[in-house]
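One structure is given here, and the rest of the page talks about it.
The values are calculated or read from the model by the stated rules, or taken from the named source; none is laboratory data. Quantities reported herein were computed from a predicted structural model and do not represent experimental measurements. With ideal geometry, Cβ positions are generated from the backbone for all residues, glycine too; neighbour counts draw on all protein chains shown.
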Amino acid sequence: MIPDEVGQKLHDRATRGETLTTEEQELLRRWYAQHDQEEMAQLSAAPAPGRLADLQSRVQQATAQVVVQAQHIEALTAENAQLRQEIASLQRLLSAKLAGQPA
């Protein structure tokens with residue numbers, strides 16, 4: 001088994017156009033083959049029905065949380081807009097009051 005670090009370095013060098021020795025080319029070829037086998041094993045493994053149901057449940061929970069957070073953000077946005085209006089109104093009142101007072 002070729003360590004990932006070695007394979008990644010060889011892959012990086014090869015993709016950058018560097019010349020690899022015959023030994024390095026063979027290591028890289030074996031590393032690619034090793035990764036191909038691992039990927040094929042993962043792709044050919046059918047997901048367990050229980051695992052799939054668990055994943056679907058987790059996605060639904062995450063979606064519900066996103067909806068709740070979006071509603072919370074909308075409420076905060078509306079509250080912030082109202083506070084901005086109140087602040088602007090108070091600033092106008094203060095400016096008018098200060099303008100009417102003698103210095």
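L20 versus (1) exposed (fewer than 10 other Cβ atoms within 10 Å of the Cβ); (2) assigned to a loop (DSSP other than H, G, I, E, B): which is the lone unmet condition?
Of (1) exposed (fewer than 10 other Cβ atoms within 10 Å of the Cβ); (2) assigned to a loop (DSSP other than H, G, I, E, B), only one is false for L20: (1).
Which pairs have Cβ atoms under 7 Å, sit 6 or more apart or on different chains, and link a residue in region 14-43 that is under 18 Å from D4 (Cβ atoms) to one that is of a type outside the set (A, V, I, L, M, F, W, C)?
L20/R13; L28/G7; L28/H11; W31/G7
A81 fails exactly one of the following numbered conditions: (1) in the same structural domain as M1 (by TED's automatic domain parsing); (2) modelled with pLDDT of 95 or more. What is the number of that condition?
Status for A81: all satisfied but (1).
With the structure loaded, tell me whether L55 is in a helix (DSSP H, G or I), surrounded by 11 or more Cβ atoms within 10 Å (Cβ to Cβ) and modelled with pLDDT under 95 or whether it fails that test.
yes
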